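Heads up: the structure comes next, in C-alpha cells.
Computed from the coordinates by the stated procedures, all read-outs in this text should not be read as laboratory data. Computed from a predicted structure; not experimentally measured. Neighbour counts are summed over all protein chains in view; Cβ atoms, including those assigned to glycine, are modelled from backbone coordinates with ideal geometry.
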Amino acid sequence: MNKSFLCLASILLLSVLPLSGREKADIIISGGTVYNGSGAEAVVADVVIKGERIIYVGKAGKKFKADTIIHADGYVVCPGFIDPHSHQEGSLLRTRSDENYLRMGVTTVFTGMCGGSHYPLSEYFAKLEQQGIGPNTASFTGHGTLRGKVMGEVARLSTVEEVEKMKEYFAEDLKSGSFGLSTGLFYVPGCFAAIDEVYELAKFMAPYGGIYTTHVRNENKDGIGLQASIEEALNVGRVAVVPVNISHIKCLGKSVWGQSDAIIAMIEKAQKEGVKVTADQYPYQASGTSVTSALFPAWCRDGGNAGLRKRLEDSLTCEKIKAEVAELIVERGGAETILFTSGKHQGKTLEEVACEMGLSPLEATIALARKGGAGLATFVMCEEDIANFMKQPWVMNCTDGGDFGGHPRPAGSFAEKIQKYVMKEKVISLGDMIHRSTDLVAETYRLNDRGRIAAGAYADVLVFKPEEIRANATFKSPKNMATGFQYVIVNGTITIDHDRYTGALKGKVIRRNAQ
Ligand SMILES: [Zn+2]
C-alpha cells in the first residue's frame, strides 16, 4: 500500500466547510490524469460522480461538493475494464464478488463463451440479481449449449427440425438479453456441427442485433487448420450479416507460428468488404485447456469423455488414437512443457507425471484420459505473433478466465498487460491498452453508457499508477490476485479501496438493448 497516497486520498468530510451553493455529488476524483477510454490523449481533470453515474468531467472548481474526495494527482483515472471474453458464470454464482477480477480493474465481465452458457439466461440472471455480484456481467448464448439440449453430444449433422428447435431455445435467451451466439467449434459438441448450422443460428439472431463470437474450429494445424478456421468464422459474418469476434486469437503450435500476418490480412480483407470483425486476446504464451481437448483429436471425442473412454478400450482404435496423441504432444510443446493446472498433478509437467507413474508421456496421457482427464496449460504461442495481434486496432484485451484449472489469466490478465506489454516491453501504450479494455469493447458489443469517462456514463472508474500494477498470479500460484489498483469503482460505489475489497456487490446484469 502506498502510504503517501493513502494520506493524500484520505476522505474529507466537506460538510464542515462552507459549501452552500455547490451541487451535491457523492464522489469527486480530483486532479487525476484522465484517459477517457476513446484512445484520445489524457488530460488532467476532475471526475464527479453522483449515484451510479458520472455527472461531470472537467475543472470542478467550486461547482460541486461531495462527502468523498479522492485526490488523484499523479494517478491515472480511466474507465473500468470490460472483459469481452470470460468463463466466469460459475464463479459469479459461487463467489458473488469475483474479487480476482475486481482486483485487476475489471468492472464488467462477459460470459457464456466458447459455445457454453447457462441456460436459460433469464433464470441465471435472476439468480445473480437476487444474490448480488461484484462486477457487472453480461452473457452470450453458447451454440454447444443449444446443440447439447437438442441433440446431446453425438457426432452427426443436425436435421432441419433440430436446428429449428435450437432457434426456439435461442429465441428465449435473445429475448432475455443475450448478446448473441458464441461457438466453440473445437469442443464437443460444437465440433460436430457443419458451418451451415451456425449460419442458420447467426441469421436467426441478426434481427435482434446479435453478435457472433467464436472459438474457431482449429487454432492449430489440426483438422481444417488455422487459416481455414478463421475463414470459416469470417464467412459467418458474410453470410449472416452479423459482426464477428474471434475469441482469444492466436497461432497455436509451432507449425503455425508466424501465420499472424496472413490472418491479419484475411481479417482486414473481410473488414474492407464491410464485415465488422474484431478479436480478443489474453496476454500469455500458454493456452489453458484439458487433457482430452488438447491432446486427443476431435473424432475420438464423439460422445464426450465417455465416448473417448469406450474407444480406448478397443485395441485397434486405441493404437490409431495413440499415433495422433503422440503428434499432438509434440505440437503442444512436448511433455517437458505441458503443465497440469488441476487435479492431483497440478503444477507438474507431463514428463514429471509420466515419470511418477512409471509410464512414457504417451502412455500416461492415455491413462489420465481413461480416468477423466485434467486441466492443462500448454505453451503454444510465440511472442512475435502475440505482439503482432496485440497491436492491431481491432484487438481487445480479455482474460478467457474461468473456474477450471490453474492458469494465471483469471487473476492476472489485465495487470499482466499493463506490467509486461505496456510498462516493460512497450508493445502498446497505456492509452491504447485502456482503449482496448474499455471503449473498444463497449463499441464492439454495443454497450451503451459504459467504457467511457464522460458525463452521463455509468461510474465504473479506476484510479492507479501503472508502475505500481503487479500481476501476481503465476502458473505455480495462479490464484494470487493483482495489486496496485488504488480504487475500483463499480456503478458509483467504491468496491476496491487500496487493494482491499470493500464487500460491495453493486454490479448489474447487463442485458442487450436494455442497459
Ligand atoms: Zn475458447
Quiz item: Among Arg309, Arg332, what is the fewest-to-most ranking by other Cβ atoms within 10 Å?
Solution: Arg309, Arg332
Quiz item: Hey, what do the phi angles of region 135-146 turn into as Karplus ³J(HN,Hα) couplings, whole Hz, using 6.51/-1.76/1.60 and θ = phi - 60°, x for Gly and Pro?
Solution: x, 5, 9, 9, 9, 9, 9, x, 4, x, 5, 5
Self-check item: Residues with amide H under 5 Å from that of Ser290, placed H, sequence gap 5 or more
Solution: Leu376
Quiz item: Label Glu467 and Glu162 with points 7 Å out from Cα along Cα→Cβ: what is the distance between them in nm?
Solution: 6.0
Quiz item: Using a basic spin-label model with each label point 7 Å from the Cα along Cα→Cβ, how many nm lie between Lys479 and Asp196?
Solution: 4.8
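Using Cα pairs closer than 8 Å and at least 6 residues apart in sequence, work out the relative contact order for region 298-450, in percent. Please report the intermediate quantities before stating the final value.
Values: 152 pairs, mean separation 24.6, N = 153.
In percent, rounded to a whole number, it is 16.
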Practice problem: Grab the DSSP H runs of the chain that are 4 residues or longer, score each as -39,500 (n - 2.57), total them, divide by all residues and round the 222 nm result to the nearest 500 deg cm²/dmol. | Solution: -9500 deg cm²/dmol
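In nm, what is the difference between 0.36 nm times the number of residues separating Val44 and Lys391 and their Cα-Cα distance? Walk me through the intermediate numbers first.
On the way: separation 347, 0.36 × 347 = 124.92 nm, distance 2.63 nm.
Between Val44 and Lys391, full extension yields an extra 122.3 nm.
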Quiz prompt | Paramagnetic label zone (point 7 Å from Cα along Cα-to-C-beta, Thr95; backbone N under 15 Å) in region 127-143 | solution = 133-137
Self-check item: Burial order of peptide ranges 240-253, 426-439, 333-346, 353-366 (average beta-carbon count within 10 Å, highest first)
Solution: 240-253, 426-439, 333-346, 353-366
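At 0.36 nm per residue, and after removing the present C-alpha to C-alpha distance, how many nm does the segment from Ala326 to Lys63 gain when stretched out fully? Write out the running numbers ahead of the final one.
Working: separation 263, 0.36 × 263 = 94.68 nm, distance 6.92 nm.
Gain in length upon complete extension: 87.8 nm.
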Quiz item: Against the longest alpha carbon principal axis of the chain, how many degrees, from 0 to 90 and to the nearest 10, is the axis of helix 226-240 turned?
Solution: 70
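Nearest 5 percent is fine: what portion of the DSSP beta bridges confined to the chain is antiparallel? Numbers along the way, then the final one.
Numbers: 35 of 69 bridges.
Percent antiparallel among DSSP bridges in the chain is about 50.
Give me the net charge of Trp299's neighbourhood, meaning all other residues with Cβ under 11 Å from the Cβ of Trp299; Lys, Arg count +1, Asp, Glu -1. Mind showing how you got there, number by number?
Working: positive: Arg301, Arg311, Lys320; negative: Asp222, Asp302, Glu324.
Charge balance near Trp299 sits at 0.
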Exercise. Would you please give the FRET efficiency between Ser429 and Ser255, computed as 1/(1 + (r/R0)^6) with r the Cβ-Cβ distance and R0 = 30 Å, to the nearest 0.05?
Key: 0.35
Self-check item: Extension gain, Leu359 back to Ala126 (0.36 nm per residue minus Cα-Cα distance, nm)
Solution: 79.0 nm
Exercise. Neighbouring Cβ atoms within 10 Å as the yardstick, rank Glu172, Glu123, Glu99, Glu416 fewest first.
Key: Glu123, Glu172, Glu99, Glu416
